[in-house]
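To keep things clear, I will list the structure first and then write my remarks on it.
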Amino acid sequence: MSEELVEEKMMPATPAPVPARAPASRRWVSLVVTLISFVLAFVTGAIVMVVADPEVLGKFAYFFNAPGDALGASWDKISTAYSALLRGSVGSWLAITETTAQAAPLICAGLGVALAFRAGLFNIGAQGQAIWGAIFGAWIGFTIKGLPWFIHIPIALALAMVFGALWGAIAGFLKAKTGAHEVIVTIMLNYIALYMLQFLLTTPMLQQPGRSDPISSVVEFSATMPRLAGTRLTLGFFIALAAAVAVWWLLERTTLGFRIRAVGLNPHAAATAGMSVSRTTIVAMAIAGSLAGLAGAQAVLTPTLLTGFPTQLSLGIVGTVGFDAITVALLGRSRPLGVVLAGLLFGALKAGGLTMAAEAQTPSDLTNLIQALIVLFVAAPAFVLWLVPGLREKRPGADITAKAATA
């Protein structure tokens with residue numbers, strides 16, 4: 001059955017009339033709402049900075065007697081913090097490359113969550129899938145020796161993606177065959193993956209010989225992502241961009257991508273059109289898991305800081321990339337380009353947050369708060385439109401009513 005016929009079946013029987021063109025297009029309003037959301041997030045972050053600093057907050061005790069002291073101290077605190085954030089993220093070539101290094105795994109994992117979203121699935125399990133990717137990426141990285149990097153790295157990445165896909169496919173299978181909710185299943189699988197990592201790091205498979213703490217052997221140089229000398233720009237960032245292009249091509253240019261989008265829009269209509277919803281669900285979760293596994297492999301195969309030293313697998317090496325990927329996918333509107341931009345934004349916040357905490361003595365979790373606020377405001381456009389009523393589109397017939405009232 002052709003794609004055109006499937007789309008025709010999925011369309012409503014009586015399409016709604018096309019409304020008159022609004023003074024501002026929806027795309028423009030959406031962009032403005034997103035920008036205002038950023039401003040609100042940073043303003044809220046600034047308030048938190050002031051409240052969290054006892055010295056600055058103390059000056060508000062005599063605000064009415066000397067308002068300049070409180071306002072000046074607040075401005076100094078906020079300007080110092082946000083200027084440090086900019087310097088640490090985009091203030092130099094080195095800072096920009098640190099942003100790309102932080103963004104690469106976020107983009108890969110975010111693509112996995114976004115692809116699941118497009119299939120109508122909420123993949124909370126990117127963290128567990130990334131953990132399995134890190135486990136087998138590191139295992140290939142330190143067990144195989146003597147290979148050139150252009151063979152060693154692809155093998156490590158491929159195995160990481162395979163095991164990430166298997167972990168994702170488990171959730172997809174349970175969803176498709178038993179009706180188990182993917183949110184509950186993937187959350188439980190996250191815990192299983194974490195405790196499996198904790199156990200494996202105490203076994204000869206992963207634990208470094210002669211060590212009693214849970215840490216693996218050092219990854220071989222041949223399995224470490226090549227980087228531009230003196231920077232943090234590695235091959236991993238270009239792999240993340242290639243993954244975004246591949247996901248776009250899959251969703252927009254292939255039959256499988258059409259099935260994924262169709263099932264995500266309306267699984268009942270897709271089934272009526274002859275599509276296998278269960279098979280599409282399993283395949284979509286497997287692909288999502290492979291992308292999250294790629295993110296985990298990037299976390300363990302990316303050289304540390306500017307030294308370029310290979311890494312060692314440990315309990316915290318993956319960090320919270322799988323959970324951060326959910327916010328990246330939400331902010332990116334589940335579109336590959338949006339995920340790349342959101343990943344770069346959050347990568348910049350992570351890179352600059354280190355400088356901000358060091359120079360301005362801000363709370364270490366402030367950047368996480370700003371990330372959460374951005375997603376919160378973006379996900380609540382009605383609140384933003386309430387704050388800025390000028391962005392609201394006029395209701396149909398409003399102009400006619402207004403003219404009738406003045407006639």
- Note on the structure: Zone reached by a paramagnetic label modelled 7 Å from Glu55 Cα along Cα→Cβ, restricted to region 352-384 with backbone N below 16 Å, covers 357-363
- Message: Just the number please: accessible area per residue for region 104-340, 1.4 Å probe, all protein chains included, in Å².
- Response: 40
- Query: Expressed as a whole percentage, what fraction of the accessible surface of region 58-126 belongs to carbon and sulfur atoms when a 1.4 Å probe is rolled over the protein heavy atoms?
  - Reply: 69
- Over the heavy atoms of Tyr191, what accessible area does a 1.4 Å probe trace out, to the nearest 10 Å²? 120
- Item | Computed [θ] at 222 nm, helices only, for the chain once each DSSP H run of length n ≥ 4 contributes -39500 (n - 2.57) | -23000 deg cm²/dmol
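Based on the Cβ-Cβ distance of Phe383 and Phe323, what FRET efficiency does E = 1/(1 + (r/R0)^6) give at R0 = 30 Å, to the nearest 0.05? Intermediate values should be presented prior to the final figure.
Details: r = 24 Å, r/R0 = 0.79.
The computed FRET efficiency comes out at 0.80.
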- Length-normalised contact order for the chain - Cα pairs under 8 Å, 6+ apart - percent: 31
- In the list (i) 1.04; (ii) 1.14; (iii) 1.07, the entry giving Rg/Rh (Cα atoms, Kirkwood Rh) computed from the coordinates is (i)
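May I ask you to derive the relative contact order of region 218-270, considering only C-alpha pairs under 8 Å and at least 6 residues apart, and to give it as an integer percent?
Reported as a whole number, the value is 15 percent.
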- Message: Counting only pairs 8 or more residues apart or on different chains, how many lysine pairs in the chain have their Cα atoms under 29 Å apart?
- Response: 5
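The values are calculated or read from the model by the stated rules, or taken from the named source; none is laboratory data. If you're wondering where the values come from, they're calculated on a predicted model, not measured in any experiment. Ideal geometry is used to build each Cβ from the backbone, glycine not excepted, and the neighbour counts take in all protein chains shown. Just so you know, the surface numbers come from the protein's heavy atoms only, side chains and all, with ligands and any DNA or RNA stripped out. Shrake-Rupley method; radii C 1.70, N 1.55, O 1.52, S 1.80 Å.
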